[in-house]
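The values are calculated or read from the model by the stated rules, or taken from the named source; none is laboratory data. Predicted model, so just to flag it, every value in this text is computed and none were measured. So basically every Cβ, Gly included, is an ideal-geometry build from the backbone, and we count neighbours across all protein chains shown.
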């Protein structure tokens with residue numbers, strides 16, 4: 001019996017913007033428990049008194065010199081796009097109708 | 001020409017080029033011929049860049065003939081893992097979603113390789129987006145281990161390791177998020193180095209987990225890794241996590257280590273990275289290497305890192321979380337695949353979902369969904385936050401251990417190369433491959449895998465050396481010392497014992 005239900009996997013897949021086939025949903029709902037095991041293990045020692053580390057070598061306020069640098073040529077970038085028009089990316093409609 | 005240039009190390013090639021014994025065109029063509037002969041069997045390359053490589057070689061030969069002062073590795077060919085972007089050369093990261101994509105720019109490490117005049121032979125195969133330990137998750141077929149073509153070459157950088165082990169390239173670039181340079185090195189009998197986090201620029205790497213990813217060298221000798229590491233390493237203003245200031249001298253450390261004197265050096269054996277789960281032959285080779293290090297004057301002590309057993313759990317919270325965020329850019333809008341939904345309105349959101357459903361492989365979907373779950377509302381603190389606390393504990397373990405020892409050591413991987421399919425349906429068994437390599441990524445410390453002999457099954461075993469952050473030179477010193485001691489016991493390189501590969505010509509004759 002898996003802890004994370006098929007419906008929950010479908011909900012998260014929608015958040016992740018990945019269309020899953022029914023058989024993929026079946027398989028994944030059996031495989032996501034690994035994360036529940038991971039959290040159970042980690043919780044044994046992740047107590048409130050332990051500070052979190054986000055990066056191995058802490059650095060703050062990393063800036064470069066405020067000197068303009070050329071961006072990539074527009075035509076080079078658009079050459080790799082699935083669709084382009086008038087020097088811009090061409091994308092499907094952004095807002096759904098309803 | 002009687003000499004087989006593909007059998008030379010990178011430093012030997014560099015010396016021969018400098019002495020005028022052969023040209024870069026000779027060396028590059030020899031490797032391209034070798035690729036043509038054996039890569040049908042090995043499948044280490046996703047793209048072979050023959051014309052450009054030969055053009056670079058010709059240009060280096062001309063510059064050398066004109067008396068120009070060149071980088072030591074100028075003219076020595078190299079292979080690059082397909083997760084590193086290369087201008088004008090296809091870059092897929094092993095994924096269908098990027099099939100046919102030609103990046104408009106070079107990664108910083110590629111810029112440095114080009115500036116130094118190394119011909120780029122091509123791009124190597126890998127698990128899709130570097131997610132895996134066997135290269136079985138590539139969308140473009142398995143890479144086979146040159147030691148046994150029925151077995152995995154490790155992963156995610158199986159292509160780079162196999163290319164170097166099969167003498168298709170003297171040098172290759174890998175990336176290591178949880179062991180993807182070191183574990184393939186171990187199972188193919190090659191050297192692989194994960195530098196200190198921030199030691200090599202990540203600019204132009206297709207990111208999996210940004211706080212863990214690190215690029216590094218894949219070679220057949222420790223000295224070659226040092227040469228390549230010095231070339232690609234160093235500060236890069238385009239990577240905000242790049243370490244400012246001068247990096248330690250690695251080639252010098254490797255040369256010093258090869259001298260064979262480790263008197264006064266303390267080697268710490270990590271108690272938690274041995275015993276249960278480690279194949280007998282792996283443990284035996286590990287013990288033999290420890291004896292050799294003692295013989296060179298090192299003092300071997302046992303150290304305990306009690307939180308390493310939590311590393312795997314923390315890794316499988318942090319890595320998918322960061323991956324799910326990094327892979328959000330594959331939305332079908334600006335590069336790569338675009339797939340429209342079969343029915344219903346064609347909106348950007350639905351195109352993105354259809355594109356990712358069609359373009360991502362099983363393991364990528366798995367990890368992105370795991371990461372999305374871990375980062376979703378209500379879970380973030382308990383999941384990602386808790387895992388980050390374990391990182392602190394692991395860093396403290398390392399700090400305490402490095403009080404007692406100058407370097408830490410363990411077997412690189414618990415077993416030798418397994419057969420295709422053996423662990424494909426059991427993600428946890430696959431993940432356990434990386435149990436000894438993951439702590440270094442979580443803490444940001446450097447790690448190296450050096451071939452330490454063959455196990456009972458005749459397959460290579462790796463010896464892992466870990467050093468404190470920014471002290472990468474230490475592992476080069478120890479690695480070179482161990483390598484040279486092992487070479488004396490073997491009477492030659494370990495790879496000389498690998499079986500001959502079937503070649504395209506012999507297949508035709510047969």
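Take residue B:72 and decide whether it is at pLDDT 95 or above and in a helix (DSSP H, G or I).
Values: at pLDDT 95 or above: yes; in a helix (DSSP H, G or I): no.
Against the criterion (at pLDDT 95 or above and in a helix (DSSP H, G or I)), residue B:72 does not qualify.
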Please determine, by comparing only the residues of segment A:84-98 that are facing chain B (nearest Cβ under 7 Å) and surrounded by 12 or more Cβ atoms within 10 Å (Cβ to Cβ), which one is nearest to residue B:105 (Cα to Cα).
-> A:89
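Would you be able to say whether some residue in segment A:53-63 is more than 24 Å from residue B:321 (Cβ to Cβ), touching a helix residue (DSSP H, G or I) at 6+ places or on another chain (Cβ under 6 Å), assigned to a loop (DSSP other than H, G, I, E, B) and more than 7 Å from every other protein chain (Cβ to nearest Cβ)?
Taking segment A:53-63 first, the residues more than 24 Å from residue B:321 (Cβ to Cβ) are A:61, A:63.
Add one more test, that the residue is touching a helix residue (DSSP H, G or I) at 6+ places or on another chain (Cβ under 6 Å), and what stays is none.
Within segment A:53-63, not a single residue is more than 24 Å from residue B:321 (Cβ to Cβ), touching a helix residue (DSSP H, G or I) at 6+ places or on another chain (Cβ under 6 Å), assigned to a loop (DSSP other than H, G, I, E, B) and more than 7 Å from every other protein chain (Cβ to nearest Cβ).
For every residue, the table says whether it meets (1) under 19 Å from residue A:38 (Cα atoms); (2) touching a strand residue (DSSP E or B) at 6+ places or on another chain (Cβ under 8 Å); (3) at pLDDT below 95; (4) assigned to a loop (DSSP other than H, G, I, E, B).
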| residue | (1), (2), (3), (4) |
| --- | --- |
| B:417 | no, yes, no, yes |
| B:428 | yes, no, yes, no |
| B:442 | yes, no, no, no |
| B:449 | no, yes, no, no |
| B:453 | no, yes, no, no |
| B:457 | no, no, no, yes |
| B:464 | no, yes, no, no |
| B:470 | no, no, no, yes |
| B:473 | no, no, no, no |
Before we move on, is residue B:492 out of contact with any strand residue (DSSP E or B) (no Cβ under 6 Å at 6 or more places or on another chain) and modelled with pLDDT of 95 or more?
-> yes
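Any residue at all in segment B:72-82 that is surrounded by fewer than 21 Cβ atoms within 10 Å (Cβ to Cβ) and over 30 Å from residue B:142 (Cβ atoms)?
Taking segment B:72-82 and keeping what is surrounded by fewer than 21 Cβ atoms within 10 Å (Cβ to Cβ), we get B:72.
Cutting the leftovers down to over 30 Å from residue B:142 (Cβ atoms) gives us B:72.
Yes: one or more hits.
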Residue B:67 versus (1) more than 14 Å from chain A (Cβ to nearest Cβ); (2) in contact (Cβ under 8 Å) with a residue 12 or more places away in the chain; (3) on the phi > 0 side of the Ramachandran plot: which is the lone unmet condition?
-> (2)
If only one of B:348, B:328, B:354 is facing chain A (nearest Cβ under 10 Å) and within 20 Å of residue B:207 (Cβ to Cβ), which one is it?
-> B:328
Among the residues of segment B:186-200, how many are closer than 19 Å to residue A:63 by Cα, part of a loop (DSSP other than H, G, I, E, B) and touching a strand residue (DSSP E or B) at 6+ places or on another chain (Cβ under 8 Å)?
-> 1
Identify, by number, the condition in (1) under 27 Å from residue B:439 (Cα atoms); (2) crowded, with 18+ Cβ neighbours inside 10 Å; (3) modelled with pLDDT of 95 or more that residue B:316 doesn't meet.
-> (3)
Do you know which residues across segment B:319-339 are under 23 Å from residue B:101 (Cα atoms) and in contact with a helix residue (DSSP H, G or I) (Cβ under 6 Å, 6 or more places away or on another chain)?
-> B:323, B:324, B:327, B:330, B:331, B:332, B:336, B:337, B:338, B:339
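Consider residue B:363 carefully, then state whether it is more than 7 Å from chain A (Cβ to nearest Cβ), under 30 Å from residue B:393 (Cβ atoms) and out of contact with any helix residue (DSSP H, G or I) (no Cβ under 7 Å at 6 or more places or on another chain).
Working: more than 7 Å from chain A (Cβ to nearest Cβ): yes; under 30 Å from residue B:393 (Cβ atoms): yes; out of contact with any helix residue (DSSP H, G or I) (no Cβ under 7 Å at 6 or more places or on another chain): no.
No; evaluated as a whole, the condition is false for this residue.
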Could you list, in sequence order, the residues of segment B:356-386 that are over 18 Å from residue A:33 (Cα atoms), in a helix (DSSP H, G or I) and free of Cβ contacts under 8 Å to residues at least 40 places away in the same chain?
-> B:357, B:381, B:385
Check B:466, B:487, B:494, B:482 and return the single one that is free of Cβ contacts under 8 Å to residues at least 40 places away in the same chain and closer than 26 Å to residue B:256 by Cβ.
-> B:487
Residue that is in contact with a helix residue (DSSP H, G or I) (Cβ under 8 Å, 6 or more places away or on another chain), in a loop (DSSP other than H, G, I, E, B) and either more than 7 Å from chain B (Cβ to nearest Cβ) or surrounded by 14 or more Cβ atoms within 10 Å (Cβ to Cβ) (or both), where the choices are A:19, A:66 = A:19
